[in-house]
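Here's the structure, in structure tokens; my notes come after.
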Amino acid sequence: MKKESVFIETYGCQMNEYDSDRIINALNAIPTNEPNNADIIIINTCAIREKADHKAVSAIGRYNKLKKDNPNLIIGMSGCVAQLYGKKLLKDMPYLDFVLGPRGIPQIPKIINNIRSEEKNRPIETSMDVEDVFDISPYHQEGKVVGFVSIQQGCNKKCAYCIVPTTRGSEINRPMPEIINESQDLVKKGARELTYIGQTVNSWKHDGLRFFNLLDYLQEIDGLERIRFTTSFPKDITKKMIDSMKNNSKICNQLHLPVQSGSNRILRQMSRTYTIEWYRDRIELLKEAIPDLALSTDIIIGFGNEDENDFQMTMDLINLIEFDTVYSFKYSIRPGTPGEKMKSHVPDNVASERLHILQARQKEITLKKNLECLGKIENVLIEGFSKQNQNDLFGRTSTNKVVNIKNLDESHIGKIINVKIIEAMQNSLIGEKI
Ligand code: SAH
Ligand code: F3S
């Protein structure tokens, strides 16, 4: 049978990117960047903020027009919006052919077959109670230098603002042999750097093993040269984990550690379970162990009854720690979360202004951090052709900064080389091979 071609539009986090690659593999389909020629179009959606969830719904409407020219075209919605609104989506969008929650990915071949054979009209798969959540590995293009491995599905924390525990269910940790197998397969296909992903990766535990044990085992994988992981939860940073990071030369000098707010009062309202003192203490321990560790974080502005004083504490924190990167968002009320029932909310214009102040300050800090790289020699893993200029190659430093390198031939792709940083911009660096 001829392979079908699938176009997937992916919104949201790395977990969704990973899931999109799993869908391609599950369907044994040919991925395409051209929706006009696709047999199947899937919008893999994100529900984390209201804006993301609206974007997804309007994307479906756009692709519907293609059905006029291709009546066999199947259009489906997967991901967190699919999980959240389920049946309602089919009711609201008569041209939508199926709805698939994040845990249903292994079922997608069956879903497509059912539609093609007209056995079942407009299937919906949003059950949370499934055993095969990790069954399908992601599609990985031969020779692609970086890849992702999921080690955990769902989340057991109950942050008051967050929809993830609703849409992705409670935490399920993947057995270590499966993680190792998938890693080895990706390395065979050319991956040199793997990022291990989960909502709170460092809370991973399985069969008596903890996250730090997993890190130690991963470094034994032959041919794997770099290890990253995301996202870490502050309360689950242990001293043993820090030791593993320090002693394991494959682990990159980079940690994403979402803090959300600099104010204990707001952290409590968010149910984040740590204090700002705990967070700062962990950062100190990490920096002591790994002095050149690059840090990034997430911040939500305008949650609960955040006042000027709380906001100032968040500003103080970003000035104190000087994160390399900060992902900051205005709080968006999500259906069914504890945050939805909270009485006091920050007016939108106030939140917008605070967000603007924070982002402007962080822009300065990020640039300053990039300028500090000037003249330094960095190890860069070359990933491919530069997005700006097809004659240049690009890669990333261990600290996860993008470096473009001129006059380098493609035989360097997949190799770690020494690069001297000669220019620093807001979002990337320029270097030369030495
Ligand atoms: N465990 C994941 C959480 C994914 S959500 C992680 O820590 O990365 C990613 C980020 O989106 C969160 O850290 C938070 O800063 C932000 N976020 C989550 N819910 C939000 C909401 N309702 N409004 C605004 N931002 C939100
Ligand atoms: Fe969401 Fe908090 Fe989990 S931000 S994904 S509930 S750690």
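The values are calculated or read from the model by the stated rules, or taken from the named source; none is laboratory data. Remember, predicted model here, so these are calculated numbers, not experimental data. Here the Cβ positions follow ideal geometry from the backbone for every residue, glycine too, while neighbour counts run over all protein chains shown. Accessible surface areas use protein heavy atoms only, side chains included; no ligands, DNA or RNA. Shrake-Rupley method; radii C 1.70, N 1.55, O 1.52, S 1.80 Å.
Using only alpha carbon pairs under 8 Å that are at least six residues apart, calculate the relative contact order of segment 146-371 and give it in whole percent.
The value is 19 percent.
Which are the unpartnered cysteines of the chain, meaning those with no other cysteine Cβ under 4.7 Å from their Cβ?
Result for the chain is Cys13, Cys46, Cys80, Cys155, Cys252, Cys373, no neighbouring Cys Cβ within the cutoff.
Distance between Cα centroids, segment 118-177 to segment 410-425: provide it in whole Å.
Using only Cα atoms, the two centres lie 34 Å from each other.
Name the shape class, rounded, prolate or oblate, that the alpha-carbon gyration tensor gives for segment 5-94, where a ≥ b ≥ c are the square roots of its eigenvalues, rounded holds for a/c under 1.5, and otherwise prolate holds if a/b is larger than b/c and oblate otherwise. Don't skip to the answer; put the middle values down first.
Numbers: a/c = 1.83, a/b = 1.16, b/c = 1.58.
Oblate.
Using a 1.4 angstrom probe on heavy atoms only, work out the carbon and sulfur share of the accessible area of the chain in %.
With neighbouring chains kept in place, the figure for the chain is 48 percent.
Kindly state, to the nearest 0.05, the FRET efficiency for Asn70 paired with Glu410, given R0 = 35 Å and r defined as their beta-carbon distance.
0.45
Straight-line reach from Lys120: which aspartates and glutamates fall under 18 Å, measuring Cα to Cα and dropping same-chain residues less than 8 apart?
Within the straight-line cut-off, Lys120 pairs with Asp97.
Leaving out ligands and nucleic acids, and using a 1.4 Å probe, what accessible area per residue does the chain come to in Å²? Walk me through the numbers on the way to the answer.
On the way: 20050 Å² over 434 residues.
So the chain comes to 46 Å² accessible per residue, rounded to a whole number.
Distance cut-off 32 Å, Cα to Cα: go down the list Lys87/Lys343; Lys67/Lys363; Lys205/Lys420; Lys157/Lys368; Lys205/Lys387; Lys188/Lys387 and report the pairs above it.
Check vs 32 Å cut-off fails for Lys67/Lys363; Lys205/Lys420; Lys157/Lys368; Lys205/Lys387.
Between Lys406 and residues 5 or more places away or on another chain, which pairs have amide H atoms under 5 Å apart, with H built 1.01 Å from N, and which residues are they?
Gly431
How high is the relative contact order of the chain? Use alpha-carbon pairs under 8 Å, at least six apart in sequence, and give a whole percent.
Over the chain, the number comes to 10 percent.
Two-decimal Rg/Rh of the chain from alpha-carbon positions, Kirkwood Rh?
On the way: Rg = 22.2 Å, Rh = 23.1 Å.
A ratio of 0.96.
Length gain on complete extension for the stretch Asn427 to Asn181, per 0.36 nm per residue less the alpha carbon to alpha carbon distance?
85.1 nm
Could you work out how much longer the chain between Glu288 and Arg361 gets when fully extended? Use 0.36 nm per residue separation minus the Cα distance between them, nm to one decimal.
The span from Glu288 to Arg361 would gain 23.7 nm if fully extended.
If amide H atoms are built 1.01 Å from N in the plane of the peptide, which residues on other chains or at least 5 residues away come under 5 Å of the amide H of Gly384?
HN-HN under 5 Å from Gly384: Phe394.
Calculate the all-directions average of the projected area of segment 377-433's alpha-carbon convex hull, and give it in nm².
Seen from a random direction, the Cα hull of segment 377-433 projects 3.3 nm² on average.
Enumerate the calculated ³J(HN,Hα) couplings along segment 214-228 in order (Karplus 6.51 cos²θ - 1.76 cosθ + 1.60, θ = phi - 60°), each rounded to whole Hz, writing x wherever the residue is Gly or Pro.
Rounded to whole hertz, the list is 4, 4, 5, 5, 4, 6, 7, 6, 5, x, 7, 9, 9, 10, 10.
Using modelled backbone amide H atoms (1.01 Å from N, in-plane), which distant-in-sequence or interchain residues come within less than 5 Å of Ala47's amide H?
Cys80, Val81
Can you give the helix-only mean residue ellipticity at 222 nm for the chain, where every DSSP H stretch with n ≥ 4 adds -39500 (n - 2.57) and the sum goes over all residues, rounded to the nearest 500 deg cm²/dmol?
-10000 deg cm²/dmol
Only bridges with both residues in segment 146-371 count here: give the DSSP antiparallel percent, nearest 5.
Numbers: 4 of 25 bridges.
So the antiparallel bridges in segment 146-371 amount to around 15 percent.
Loop sites only, by DSSP: take the trypsin sites (Lys or Arg not before Pro) in the chain that have at most 11 other C-beta atoms within 10 Å and name the longest stretch containing none of them.
The segment 4-342 is the longest one with no such site.
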